[in-house]
1. Please sort 124-136, 156-168 by packing, taking for each peptide the average over its residues of neighbouring beta carbons within 10 angstrom, highest first.
2. Calculate the spin-label point distance for residue 159 paired with residue 171, positioning each point 7 Å from the Cα along the beta-carbon direction, and give it in nanometres.
3. Work out the length of the dipole vector of segment 51-189 about its Cα centre, built from +1 on the beta-carbon of each Lys and Arg and -1 on the beta-carbon of each Asp and Glu, and round it to the nearest 20 debye.
4. Exactly which trypsin sites (Lys or Arg not before Pro) in segment 38-123 are in a DSSP loop and have at most 14 other Cβ atoms within 10 Å?
Amino acid sequence: MNGGTGAVSASHGGASDAISTEHRSGAGPVFHTGDEVRAVMTASDWPLWSYLELGALDSAVPCARAYAKEMLWEWGLNELGETVGLVVSELVTNSVQASKGLAGAWYGGTWRAGVPPVRLWLSSDKERVLIQVWDGDHGMPVRREIEDLEAESGRGLMIVDAFCEEWGAYRPEGGSGKVIWARTAPLQLIPAQGH
């Protein structure tokens, strides 16, 4: 398990104040909005960020959820902890399932043999949280309508849709796989828990 956390400066990585849309292992977050153009946001828009790389194993899901909740506690965003933990769980579950059976993936311009890891980025502007999860599978997520209310799977993207103001997916340039992202509503729009 690899991870990192910190505040990103506008010149992080020696780039201009826009973060590259190309993924680089551990180099920091990749910021995208929900539009099809995938407009790049500046690092100053999301000064808090964290990165975690996990094996594509079922045990990655509770690890990612706990990690997300701890990061939000560290950032003083406890009110978003349950929401972000749930969304992270759903996205990482989907990515772990999508990764099973893969023989490798292109990442950072290099072919890496074996089951690719699942990569999680958390970013915050101190009011909202942007969640991004990369996996090595090219298949884009499809939100399904649930016909069987007793079914144990198929609700993940419905949950993400219900708890986030926006979500989407894209295929990173120069690599394989996809990134699924979700952005929570601003903190002041989240109803207080227990009321």
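1. 124-136, 156-168
2. Simple spin-label model gives 2.8 nm for this pair.
3. 500 debye
4. 100
None of the figures in this text is laboratory data; all of them are computed from the coordinates on show. Please read all numbers here as calculations on a predicted model, not as lab measurements. All Cβ positions, glycine included, derive from the backbone under ideal geometry; neighbour counts span all protein chains shown.
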